[in-house]
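Engineer: First, the structure itself, so that you have it in front of you.
The values are calculated or read from the model by the stated rules, or taken from the named source; none is laboratory data. Values in this document were obtained by computation on a predicted structure and should not be read as measured data. Cβ placement follows ideal geometry from the backbone for every residue including glycine, while neighbour counts extend to all protein chains displayed.
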Amino acid sequence: MEKPPSYGDSNELEQPGDDRALPPATLYVAGRFVHSDDPQAPPLYELSHSVGFLSDNDRVVRLERLDYTVRQYQGTPQVSTRARHVYDLTHPTLATSPTFAYHAEATSRRSLCSFGMESFRARTLSSAKGYRVHRAARGPDHRLVGREELFTAVPARDEAVVFEWYDARGGLLARETDNGELLSLLVSAEMGPRERDALVAAWILRVWWEMARDKGLGRWDDGAECP
């Protein structure tokens with residue numbers, strides 16, 4: 001029987017909030033953070049690297065979900081922040097003959113799963129690439145083994161949209177836009193926190209892959225603002 005993956009936070013218990021449904025939302029990248037389109041809201045995710053400067057030389061990017069709790073202290077609301085390490089986004093060297101050029105390692109029992117990404121030709125007689133995301137697990141030799149499909153990102157026919165993201169059943173989850181100054185993910189489907197964590201991780205992996213290929217550095221810096 002295959003052993004369950006090891007996690008850095010192995011004593012972590014499931015929280016009731018992990019089963020709540022998150023409504024559709026617009027997310028955008030600003031430096032090392034992923035925000036919602038609410039200008040008053042704090043960031044939702046933090047990364048160890050600025051997304052606009054990711055390159056082919058980077059190997060691991062830490063992704064944390066930022067959870068906020070409001071408590072009353074002497075009649076005054078106090079907000080506390082807890083960073084939950086949910087994924088290590090990984091780009092192994094070719095010398096290791098990796099199963100996936102880019103993959104996400106689950107680092108918490110709150111993470112949906114580990115997964116790997118592969119590219120494919122999206123349309124016949126077109127050079128446009130799409131991306132498939134597969135659930136993955138470690139085999140007997142500790143190498144990642146791809147399993148069933150989790151997400152698919154397909155180049156959109158609408159010029160205002162870069163990619164459309166679908167689940168394994170073909171249901172539309174989100175549309176990705178990029179106007180050169182603001183990279184956004186318009187999540188149109190209701191989903192749980194773990195599903196959104198995985199979708200955000202896959203989104204950043206796809207962007208990293210494209211950044212490494214095109215060497216497009218310095219975009220979506222910390223000065224980016226939500227329109």
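Engineer: Considering each residue of the range 202-216, count those that are of a type in the set (Gly, Ala, Ser) and either more than 12 Å from the chain's Cα centre (by Cα) or under 15 Å from Arg59 (Cα atoms) (or both), and give that number.
Structural biologist: If we filter the range 202-216 for residues that are of a type in the set (Gly, Ala, Ser), which is where we start, we get 202, 212, 216.
Narrowing further to those that are either more than 12 Å from the chain's Cα centre (by Cα) or under 15 Å from Arg59 (Cα atoms) (or both): 212, 216.
So the count comes out to 2.
Engineer: Out of curiosity, is Ala174 closer than 14 Å to Leu112 by Cβ and not in a loop (DSSP other than H, G, I, E, B)?
Structural biologist: Against the criterion (closer than 14 Å to Leu112 by Cβ and not in a loop (DSSP other than H, G, I, E, B)), Ala174 does not qualify.
Engineer: Can you tell me how many residues within the range 35-63 are at pLDDT 95 or above, closer than 19 Å to His103 by Cβ and buried (at least 20 other Cβ atoms within 10 Å of the Cβ)?
Structural biologist: Residues in the range 35-63 being at pLDDT 95 or above, closer than 19 Å to His103 by Cβ and buried (at least 20 other Cβ atoms within 10 Å of the Cβ): 4 in total.
Engineer: From the set of residues in the range 74-96 that are of a type in the set (Ser, Thr, Tyr) and assigned to a strand (DSSP E or B), which is farthest from Arg135 (Cα to Cα)?
Structural biologist: If we take residues in the range 74-96 being of a type in the set (Ser, Thr, Tyr) and assigned to a strand (DSSP E or B), then Thr76 is farthest from Arg135 (Cα to Cα).
Engineer: Check Phe120, Phe100 and return the single one that is out of contact with any Ser or Thr (no Cβ under 6 Å at 6 or more places or on another chain), of a type in the set (Phe, Trp, Tyr) and part of a strand (DSSP E or B).
Structural biologist: Just one listed residue meets the conditions, Phe120.
Engineer: Can you tell which of Gly75, Gly31 is out of contact with any strand residue (DSSP E or B) (no Cβ under 6 Å at 6 or more places or on another chain) and at pLDDT 90 or above?
Structural biologist: Numbers: Gly75 fails: at pLDDT 90 or above.
Result of the check over Gly75, Gly31: Gly31.
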